[in-house]
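What follows is one structure encoded as structure tokens, with my remarks underneath.
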Amino acid sequence: MTYHSAVEAELAHRRRLWRPLLVLALIAVLAALVLGIAVLLRVLPSGTPHYRSEDAHFRHGSIGAEPESGIPYKVWMALPELFPERFAPQGDYSAFGFLYDGETLPVGISRRTVSGVDLVWFNCAVCHTGTVRETAEAAPELISGMPAQQLDLHGFTRFILDAATDPRVSPERLRAAMRDSGNALGPVEALIWRIAVFPRLREGMIDRAARLSPLLDRQPAWGPGRVDTFNPYKVLAFRQHARELPGGEVVGASDFPSIFLQGPREGMQLHWDGNNTSLAERNLSAALGAGVTPATADHPAIERIARWLRDLPPPPSPHRPDPAAVDRGRTVYARDCAGCHGWQGDDGYVFEGDRLGTVEPLASVGTDRARLDSYTQSFRDAQVREFFRGTPYAFRNFTKTDGYANAPLDGLWLRGPYLHNGSVPTLADLLTPPEARPPRFRRGGDVIDPQGGFVSPPCDGGPGCFDTTLRGNSNAGHLWGTGLPAPEKSDLLAYLLTF
């Protein structure tokens, strides 16, 4: 290059000298900014709200799922703005069957601040709070401890996984949706989110989608009120690839159970397949299923819930069958059923029976085997080897069984649909031979059926129709009571409706 004067040449020379220094200075400033944000994230507050009421703590208190599994509260509130078609027509998370009790967040969604960022995710109540109505016109009543028969966890999971790769989940559009939902970011907060929060959120969502989507692709939709308990563990906690899971174990959806009166169940074989006799280990296993990790588990919060559930009774049955029929049915039940399930006494449930809380072999009970087969010996060994190793919480009592547990029937009236996989709509249907049970019906209702359980209209297929011919959904088995004379069957049903 030709310079027209000595001054120009000198200026050019100085620019060549200063340019690297300016670049280095800019790099230093950016590095200091990133370091400052990293330090700030460490010193910003962390914690979770405390609830004085045990029921409120159960419904909204954190058990430790948010740090590893949660999403920011402001993102949670913005998603209905970004995806109105997935939240229609309600415009909130009730579109997926989540329940609201007057709080901003649904029942079963807790909040925890981690390094200054409010995160939300599941707690125990998300799977164990439901609603009942005596008529279609009545207002729904929320009941803590009953199965969340209305929750479409499969549909919600699918939505979150789809959102991971949707272009709407970009920093710019998310920030606008947060503003529109009343949760705008301030200037400093926006900088922190751009550098630290948004990248981690997107990376975590994409990783989870890559692991879970192939699993869900191999399974029938769970349907409302059901969850695959152990297969998601395999791909998330143990990093197995879903495509490599053997076909015989990849389907395992079953009903959410009720969790009333846990104290008398100590020492019984717990879970649907009776794979553990320790309430404490069962509780921690359930917490892991909700997104807790061994590093993030809030043991005091989990134990507080466990203490409350030891004595939490189910609400009394609203059914009022003929007293004479109930008395006759009590005799039939004592003869044919009480040894396996205990019985309903005048003053509450009686947890006694020679085979109560033991495993009934699959060859005897004859119900769908998919849930049993999804829990494998190798998975059991990994649980014991990996989870909470070297701590007082290490798993020691899990075992592989060959059937399903004979469970107590307290609160039976609000536990429909019936059998471990929720394949039989009413108690009356359960007392009929499998070939006469409804082959397809709609789950997720909360209007009480006079035949026990909830009104479950027949359907011909399509989204939301529970098809008992699909793998894992069979309504076969549990033939006890199906061969009774009609009068005895009617009396037995009358007695069961009082549970």
Tally, over segment 81-97, of residues that are open to solvent by less than 40 Å² (accessible area, probe 1.4 Å) and more than 20 Å from the chain's Cα centre (by Cα): 2
Number of positions in segment 436-476 that are within 22 Å of L496 (Cα to Cα) and out of contact with any Phe, Trp or Tyr (no Cβ under 8 Å at 6 or more places or on another chain): 11
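Yes or no, residue by residue, for (1) within 30 Å of T131 (Cα to Cα); (2) open to solvent by 20 Å² or more (accessible area, probe 1.4 Å); (3) not in a helix (DSSP H, G or I):
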| residue | (1), (2), (3) |
| --- | --- |
| K234 | no, no, no |
| R239 | no, yes, yes |
| R243 | no, yes, no |
| G247 | no, yes, yes |
| I259 | yes, no, yes |
Number of positions in segment 463-483 that are open to solvent by 30 Å² or more (accessible area, probe 1.4 Å), of a type in the set (G, A, S) and under 24 Å from G366 (Cβ atoms): 3
Segment 283-307 residues that are closer than 15 Å to V120 by Cα, paired with ones that are outside any helix (DSSP H, G or I) and among the hydroxyl-bearing types (S, T, Y) (beta carbon under 8 Å, 6 or more apart): A297/Y393; D298/T48; D298/S62
Qualifying residue in segment 287-300 (condition: open to solvent by 10 Å² or more (accessible area, probe 1.4 Å), in contact with a strand residue (DSSP E or B) (Cβ under 8 Å, 6 or more places away or on another chain), at negative phi and not β-branched (V, I, T)): yes
All positions within segment 286-306 that are in a loop (DSSP other than H, G, I, E, B) and among the hydrophobic types (A, V, I, L, M, F, W, C): A290, V292, A295, A297
Test set (1) in a loop (DSSP other than H, G, I, E, B); (2) more than 22 Å from L309 (Cβ to Cβ); (3) open to solvent by less than 40 Å² (accessible area, probe 1.4 Å) - Y100 fails condition number: (3)
Identity of the residue in segment 59-78, open to solvent by less than 10 Å² (accessible area, probe 1.4 Å) and β-branched (V, I, T), that ends up nearest to W193 (Cα to Cα): V75
Filter result for T135 (more than 30 Å from D217 (Cβ to Cβ), surrounded by 21 or more Cβ atoms within 10 Å (Cβ to Cβ) and out of contact with any helix residue (DSSP H, G or I) (no Cβ under 6 Å at 6 or more places or on another chain)): no
Members of segment 254-271 found to be under 18 Å from F230 (Cα atoms) and in contact with a Phe, Trp or Tyr (Cβ under 7 Å, 6 or more places away or on another chain), listed by number: S254
Residues of segment 139-168 satisfying the condition of being open to solvent by 10 Å² or more (accessible area, probe 1.4 Å) and either over 19 Å from the mean Cα position of the chain (by Cα) or charged (D, E, K, R) (or both): A139, P140, E141, D152, R158, D162, T165, D166, P167, R168
Condition check for V114: within 24 Å of S285 (Cβ to Cβ) and open to solvent by 40 Å² or more (accessible area, probe 1.4 Å): yes
Yes/no for D460 being more than 16 Å from H420 (Cβ to Cβ) and either surrounded by 19 or more Cβ atoms within 10 Å (Cβ to Cβ) or without any contact (Cβ under 8 Å) to a residue 24 or more places away in the chain (or both): yes
Some residue of segment 217-224 being outside any loop (DSSP other than H, G, I, E, B), out of contact with any strand residue (DSSP E or B) (no Cβ under 9 Å at 6 or more places or on another chain) and surrounded by 15 or more Cβ atoms within 10 Å (Cβ to Cβ): no
First in segment 351-365 and within 19 Å of K400 (Cα to Cα), second anywhere and of a type in the set (K, R), Cβ under 9 Å, 6 or more apart: G357/R265; L362/R369
Residues being out of contact with any helix residue (DSSP H, G or I) (no Cβ under 8 Å at 6 or more places or on another chain) and outside any helix (DSSP H, G or I) - total across segment 51-71: 3
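The values are calculated or read from the model by the stated rules, or taken from the named source; none is laboratory data. All figures in this text were calculated on a predicted structure; none of them were measured in a lab. Positions of Cβ are backbone-derived with ideal geometry, glycine not excepted, and every protein chain shown enters the neighbour counts. Side chains included, ligands, DNA and RNA excluded: accessible areas come from the protein's heavy atoms. Shrake-Rupley method; radii C 1.70, N 1.55, O 1.52, S 1.80 Å.
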